[in-house]
Amino acid sequence: MSDYKLFYSPYYYADIGEGHVFPIRKFELVRDRLICEGTLRSDEVVEPEPAAVEDLLLVHTEDYVTRLSEGRLTAKEVRKLGLPWSESLVRRSFHAISGTILAAREAVAAGIASNLAGGTHHAYPDRGEGYCVFNDVAVAIRVLKRERLAERFLIIDLDVHQGDGTAFIFAEDDSVFTFSMHGAKNYPLFKQASSLDIELPDGTADAEYLATLESALERVRVHSPDVIFYLAGADPFAGDKLGRLGLSIDGLRRRDEMVLEFARAESTPIVTTMSGGYAAEIEQTVEIHSNTIRAVKAVFFGERASGVSV
């Protein structure tokens, strides 16, 4: 294996206001760090065009897509979304969805690909929630199905918050196995039923988390997916403002390696997405997300991983 593509656009940034809890600058900062340290070559980074509306409509209602695009969401809908509406938010959302679609196609062809955004698992067909405008993984799965590139899918969602929108979308679809390991007492208050939910108590640290994940990966193996989507949330970190779990940066890096090693051992293409991360210091979030790509390079390409002390 010698080819790797990571999808990123400067349009992943949107103007959501200074001081917002969502660290919108993290996408650019992760890209810059990985290139500066030599983990990524510039020719491995591909800029996506905006997603096509017809792709979004494979999951989302036309009414929602239209009103979101035109700035006609209600005040209540904007509050549930948690992000202020702007043209740049719409632009960002269409580009980020495209990044996951393109990474999915690339993973089918090459075995591994990444979107330096995505993992927006709280979005439902008719609304956005929890900083998630559209459900990128759900759209990418439907695109792969439409194009007959894959039939069976496994979602490994290791964001600290349950992937409720994704679980809802695929509740009646046996071809998609949704696995979410998340904080039991964290957002969302009312959770959906994934194919496999593992709820963790507050303060869960590295050893217990990694042992639980190892057991879970054995359980999901039986689904025999054609493609795996991995939501590598940075928010199980002990220093995350919204996390409530107790993982270290090293523990999260080992988590990434375990998932990637699982995919490689199964010879199953895998797509990595970033998902959430809200550390008190943005540098910590950037380092955790950077570690995911370093783990990709180490597991799939045998490259010695870099890293910085944070």
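The values are calculated or read from the model by the stated rules, or taken from the named source; none is laboratory data. Everything quoted here is computed from the prediction, not taken from an experiment. Here Cβ is always computed from backbone atoms with ideal geometry, including for glycine, and neighbour counts include all displayed protein chains.
Against the numbered list (1) under 14 Å from the mean Cα position of the chain (by Cα); (2) within 25 Å of T66 (Cβ to Cβ), S114 comes up short only at (2). When E47 is tested against (1) touching a strand residue (DSSP E or B) at 6+ places or on another chain (Cβ under 9 Å); (2) surrounded by fewer than 15 Cβ atoms within 10 Å (Cβ to Cβ); (3) under 20 Å from Y131 (Cβ atoms), only condition (3) is not met. Looking across region 197-246, just one residue is more than 27 Å from T268 (Cα to Cα), within 20 Å of the chain's Cα centre (by Cα) and free of Cβ contacts under 8 Å to residues at least 40 places away in the same chain, and that is A238.
Please give the number of the condition R31 fails out of (1) over 30 Å from F170 (Cα atoms); (2) free of Cβ contacts under 8 Å to residues at least 12 places away in the same chain. With respect to (1) over 30 Å from F170 (Cα atoms); (2) free of Cβ contacts under 8 Å to residues at least 12 places away in the same chain, R31 is out only on (2).
Can you tell me which residues in region 270-293 are surrounded by fewer than 24 Cβ atoms within 10 Å (Cβ to Cβ) and modelled with pLDDT of 95 or more? Hits for region 270-293 are Y278, I282, E283, Q284.
Restricting attention to region 1-44, report how many residues are of a type outside the set (K, R) and surrounded by 13 or more Cβ atoms within 10 Å (Cβ to Cβ).
Keep residues of region 1-44 that are of a type outside the set (K, R), which gives 1-4, 6-24, 27-30, 32, 34-40, 42-44.
Now drop any that are not surrounded by 13 or more Cβ atoms within 10 Å (Cβ to Cβ), which leaves 4, 6-9, 11-16, 20, 22-24, 27-30, 32, 34-35, 37, 39-40, 44.
Summing the residues that are of a type outside the set (K, R) and surrounded by 13 or more Cβ atoms within 10 Å (Cβ to Cβ) in region 1-44 gives 26.
Considering only residues in region 106-118 that are not hydrophobic (A, V, I, L, M, F, W, C) and not in a helix (DSSP H, G or I), the one that is surrounded by the fewest Cβ atoms within 10 Å (Cβ to Cβ) turns out to be G111. Write out, first by first residue and then by second, each pair whose Cβ atoms fall under 7 Å of each other, whose residues are 6+ apart or on separate chains, and whose first residue, in region 72-83, is under 14 Å from C132 (Cβ atoms) while the second is acidic (D, E). Close Cβ pairs (under 7 Å, with a partner that is acidic (D, E)) amount to K80/E129; L81/E129. Could you list all residues from region 59-77 that are within 22 Å of the chain's Cα centre (by Cα) and loosely packed, with under 15 Cβ neighbours inside 10 Å? Passing the criteria: only T61. All of D250, D235 fail the test of being at pLDDT 95 or above, of a type outside the set (V, I, T) and assigned to a helix (DSSP H, G or I), apart from D250. Criterion first (of a type outside the set (D, E), at pLDDT 95 or above, within 19 Å of the chain's Cα centre (by Cα) and assigned to a helix (DSSP H, G or I)) does V30 satisfy it? Answer is yes for this residue.
Looking at A298, A263 in this structure, which one is at pLDDT 95 or above, surrounded by fewer than 22 Cβ atoms within 10 Å (Cβ to Cβ) and part of a helix (DSSP H, G or I)? None of the others qualify; the one that does is A298. Restrict the check to region 122-134 and report whether at least one residue is within 16 Å of the chain's Cα centre (by Cα), within 25 Å of E218 (Cβ to Cβ) and not acidic (D, E). Scanning region 122-134 turns up no residue that is within 16 Å of the chain's Cα centre (by Cα), within 25 Å of E218 (Cβ to Cβ) and not acidic (D, E).
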